[in-house]
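Notes for the one structure printed next.
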Amino acid sequence: MIRKTLILLTALALSAFLAVSTFAKEITVRGKLKKTVESGGWVVVTDKQKYLILNSQSFSKEPWFTEGTEVEATGEVKTGVMTIYMEGTPFEARSMRPFEQSGSDTSGAASRGLTRVMVTGDSIVQAQPDTAILVISVVTQGKRALEAQQENASRSDAVVRALKSAAGAGAEVKTSGYSIQPQRVYKENQPPTITGYEARNSVTVTMSDLTKVGDVIDAAAQAGANDIGSISFTLRKDRPARDQALSEATRGAVAKAQVIAQALGGKLVRVIEVQGEGYARPRPVQVEAGDFRMMKAATTPIEVGSLDITAHVQLAAEIETDR
C-alpha cells in the first residue's frame, strides 16, 4: 500500500513538473513585424532580439499583418527548429494581435477597421525626340559579281562623303550591312538561272540636329544612294520624361486609393507598397521611303512629331473604414 502511494505521488510530481516546464516555454513578445531574407518569412523585432514566426501564414491574411506593425504575440520558443538562415529565435505563435500603446486614444477603435486595397496608375508623357537614325543604302547590279561590287564601292564612297558633309561633325556615319546576292530566274520544271548579281551597302546615320534630316536624305540621293530602309526618331536623353511619367502614374494610383476610401466612408491611412513595372521605351517614329529617284527633284520634307513615354505603377494601401 505504501509502495503504491509512493508511485502515485511520484507520477503526480512528474506530471506537475512537465506541466510547469511546458508552461514555462510559453512567452509573450512585443515588437514590430518585419520581413526576413527567407521567402515568405516574418519576424517580430523586439528591443533585445528577433523572433522568427514559424506559423506566420496563420496571421498573414489579417489586415494589420504588415511590415512595421507593432504586435503582441504569445507562443512557444522552438529551440530544436532549424531554418536556412536562422534569422531570429524560432517562435510558434498561439495568438497575435496589433498592440496599441497605453494612454493612446482608443475611442471608436472597436468600430473602425483597416482594409487593404490594390490600385494601379498609368501615365503617358509626350516628348520631342532628340535623335534621328537613318538607314541609307546603295544598291547596284551587274552581270558579274565583280561588276556589281566595283560600281557599288564607287557610289558608296561618294554617298558616305556626302552624308558626313550634310550631317555635320556631331553625326555618326557607319556601315551597318553589306551583301552581294545572285539574281535568279525561275522557270517551271527547270533549275533556277543566275542572270546577274546585286550588291547592297547599307550605312546608318545617327544625328542630333533634326533640322538637317531632309538635307541628309537629299545629299545621299544626289550622291548615288537609291534605297532608304527607315528614318527613326527617338529620345536619347529620356530620363526627365521617364521620371515625369513615373511621378504622374504614382499620383494617379494614390488618387484612386483616396477615391475608394471616400466611397467606403473612410480615409487613406498609408501606402504599404509601391511597384513600378518599368517604363515603356519610346517607340521610334517610322517614316518609310522607297525609290530615291523621286527625291532628287525637290527638297525632302520631314515631320518629326512627338514620342509617347509610358509608366505603370501598382500600389498597395490601407484605408480605414467602419466595420
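The values are calculated or read from the model by the stated rules, or taken from the named source; none is laboratory data. Everything numeric in this text was worked out from a predicted model, so none of it was measured. A quick note on method: Cβ atoms are made from the backbone with ideal geometry, for glycine too, and the neighbour counts reach across all protein chains shown.
Values computed for the structure shown
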| read-out | value |
| --- | --- |
| Sole residue being buried (at least 16 other Cβ atoms within 10 Å of the Cβ) and modelled with pLDDT under 95, chosen from ALA169, ALA223 | ALA223 |
| Of all residues in region 46-64 being crowded, with 16+ Cβ neighbours inside 10 Å and not basic (Lys, Arg), the one that is farthest from THR89 (Cα to Cα) | TRP64 |
| Residues of region 256-268 that turn out to be exposed (fewer than 15 other Cβ atoms within 10 Å of the Cβ) and in contact (Cβ under 8 Å) with a residue 60 or more places away in the chain, as a count | 1 |
| Members of region 121-152 found to be within 30 Å of ILE260 (Cα to Cα) and either crowded, with 16+ Cβ neighbours inside 10 Å or not aliphatic (A, V, I, L, M) (or both), listed by number | GLY121, ASP122, SER123, VAL125, GLN126 |
| Scan of region 133-164 for residues that are in contact with an Asp or Glu (Cβ under 8 Å, 6 or more places away or on another chain) and aliphatic (A, V, I, L, M), ordered by number | ILE136, VAL138, VAL139, ALA148 |
| Odd one out for ASN201, checked against (1) touching a Gly at 6+ places or on another chain (Cβ under 8 Å); (2) surrounded by fewer than 19 Cβ atoms within 10 Å (Cβ to Cβ) | (2) |
| Count of residues meeting criterion [surrounded by 12 or more Cβ atoms within 10 Å (Cβ to Cβ), under 38 Å from the mean Cα position of the chain (by Cα) and modelled with pLDDT under 85] in region 1-45 | 1 |
| Residues located in region 76-90, provided they are surrounded by 14 or more Cβ atoms within 10 Å (Cβ to Cβ) and on the phi > 0 side of the Ramachandran plot | GLY88 |
